[in-house]
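Colleague: Could you have a look at this structure, given as structure tokens, before my questions?
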Amino acid sequence: MTTNRISVTVNGTDYSADVEPRLLLIHLLRDVLDLTGTHLGCDTSSCGACTILLNGRSLKSCTMFAVQADGADITTVEGLASDGKYHAVQEGFWQKHGLQCGFCTPGMMISAVQLLDRNPDPDEGEIRTAIRGNLCRCTGYHNIVEAIRYAAANRNTGAMSGGKQ
């Protein structure tokens with residue numbers, strides 16, 4: 001079996017691994033690096049549960065081989081919190097009940113982070129456009145949109161207090 005040595009930075013930590021050329025990035029994250037916050041939903045890039053940030057851009061990690069990420073800087077949902085404090089998007093999902101079963105939530109949060117990095121004050125239409133590649137089977141998206149609006153309004157206060165107000 002042929003393997004390739006790759007190096008990636010995930011959530012600020014450097015990793016190296018020998019991977020088969022056909023290993024998908026989602027499987028590197030979940031099965032090799034044991035970062036299971038990113039979910040594998042459809043395997044066809046339709047649901048968005050596997051969305052991560054790769055060099056600052058959102059990407060569905062089920063559509064990319066791990067070897068293609070060699071040298072990349074990756075952020076997963078585990079990397080959003082900082083110093084024990086929630087990211088504004090995480091706080092928004094908590095405060096505004098932006099999840100039900102939680103399966104789509106990591107991908108939704110990552111898409112929201114990219115949106116807010118590009119547009120710190122999006123309107124409802126811009127939010128809905130930004131998350132259109134992420135499917136939620138439990139909600140009507142109203143609370144997800146409200147969670148992202150909350151995050152936009154509160155993001156300049158820095159990382160949130162982990163739920164304490």
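No lab work stands behind these numbers, since they all come straight from the coordinates. Owing to the predicted nature of the structure, the values given are computational and were not obtained by experimental measurement. With ideal geometry, Cβ positions are generated from the backbone for all residues, glycine too; neighbour counts draw on all protein chains shown.
Colleague: So how do 100-111, 40-51 stack up, highest first, on mean other-Cβ count within 10 Å?
Modeller: On the way: 100-111: 21.8, 40-51: 19.0.
Packing order, densest peptide first, comes out as 100-111, 40-51.
Colleague: Then there is this: How much net charge surrounds Asp43 when only other residues with a Cβ under 15 Å from its Cβ are counted (Lys, Arg +1; Asp, Glu -1)?
Modeller: Result for the local shell: +2.
Colleague: Of the residues Glu146, Glu20, Glu91, which exhibits the maximal mean-square fluctuation in a Gaussian network model of the chain defined by a 10 Å Cα contact cut-off?
Modeller: Per the Cα network of the chain with a 10 Å cutoff, Glu20 tops the list.
Colleague: Let me ask you something else. Could you please report the charge total around Ile26, scoring K, R as +1 and D, E as -1 over all other residues with beta-carbon less than 12 angstrom from its beta-carbon?
Modeller: On the way: positive: Arg30, Lys60; negative: Asp31, Asp43.
Here the charged neighbours net out to 0.
Colleague: What list of ³J(HN,Hα) values in whole Hz, one per residue of region 50-66 in order, does the Karplus curve 6.51 cos²θ - 1.76 cosθ + 1.60 (θ = phi - 60°) give from phi, with Gly and Pro shown as x?
Modeller: Karplus-based 3J(HN,Hα) across region 50-66 equals 9, 5, 9, 9, 10, 6, x, 10, 5, 8, 7, 6, 7, 10, 10, 7, 4 Hz.
Colleague: Just add up the charged neighbours of Ser58: K/R +1, D/E -1, any other residue whose Cβ is under 14 Å from the Cβ of Ser58. Present the calculation step by step, with values, prior to reporting the outcome.
Modeller: Numbers: positive: Arg57, Lys60, Arg118, Arg132; negative: Asp73, Asp117.
In short, +2.
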